[in-house]
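Following: one structure in structure tokens, then a few remarks.
Read-outs: derived from the displayed coordinates by stated rules, not from any lab. Owing to the predicted nature of the structure, the values given are computational and were not obtained by experimental measurement. Counting neighbours? That spans all protein chains shown, and the Cβs are built from the backbone with ideal geometry, glycine included.
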Amino acid sequence: MIHIKHPSIEQLPALAQLFDAYRVFYKKTSDVEGAITFLHERIEQKESVVFVAEMDGELVGFTQLYPLFSSTNMARMWLLNDLFVHPEKREKGIGKLLMHAAQEHCKRTQALGISLETEKNNLPGNALYPKMGFTKDTDHNFYYWENPSFSSAQS
């Protein structure tokens, strides 16, 4: 049986292992200790909402949402920034359950909706999101500016 819930502080090391695997998937250097610190800060400071999937007492997936606001709609929105299921546990509907938890959280908080971004080559994600009612935005251009003086050692 798969249970979707918010992680406890005791589950932070297991969540950090999944978070680290997620980051490595996106070609970042493994840093489990950094993952523990980052996740602890986000959760402790209430800067994100995390849901985990637990199966047979083991964490097998997670999603993390960050708050956003739409000025034109004068409403809260959520950014689904992270969704990851352990590769050996895929094809069991875990991603779908995590997405459903995010959508229910959006409804409970009376938010306008959920925004997400994924790489074009993320085939599982690009197959899942439309099934969950997400539509691809073809009306807007998204731009990104990277701070040339940013150093991950500062954070």
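What to note about this one:
- Separation of alpha-carbon centers, the range 111-155 and the range 28-95, rounded to whole Å: 14 Å
- Length added when fully stretched, Thr72-Asn121, from 0.36 nm per residue minus Cα-Cα: 14.5 nm
- The charge dipole of the range 2-137, taken about its Cα centre with unit charges on the Cβ atoms of Lys, Arg (+1), Asp and Glu (-1) only, comes to about 580 debye.
- Computed lengthening from Gln17 to Ser30, 0.36 nm per intervening residue step minus Cα-Cα distance: 3.7 nm
- ³J(HN,Hα) computed for each position of the range 21-32 - Karplus, 6.51 cos²θ - 1.76 cosθ + 1.60, integer Hz, glycine/proline x: 4, 4, 5, 5, 4, 8, 6, 9, 6, 4, 7, 5
- Segment Ser8..Lys136, full-extension length gain: 42.7 nm, with 0.36 nm per residue of separation and the alpha-carbon distance subtracted.
- For the range 2-137, the number of Lys pairs separated by eight or more positions or lying on different chains, with C-alpha atoms closer than 20 Å, is 17.
- For the range 14-155, the alpha carbon convex hull comes to 149 Å³ per residue, rounded to a whole number.
- Across the chain, C-alpha contacts under 8 Å between residues 6 or more apart give a mean separation that, scaled by the residue count, equals a relative contact order of 18 percent.
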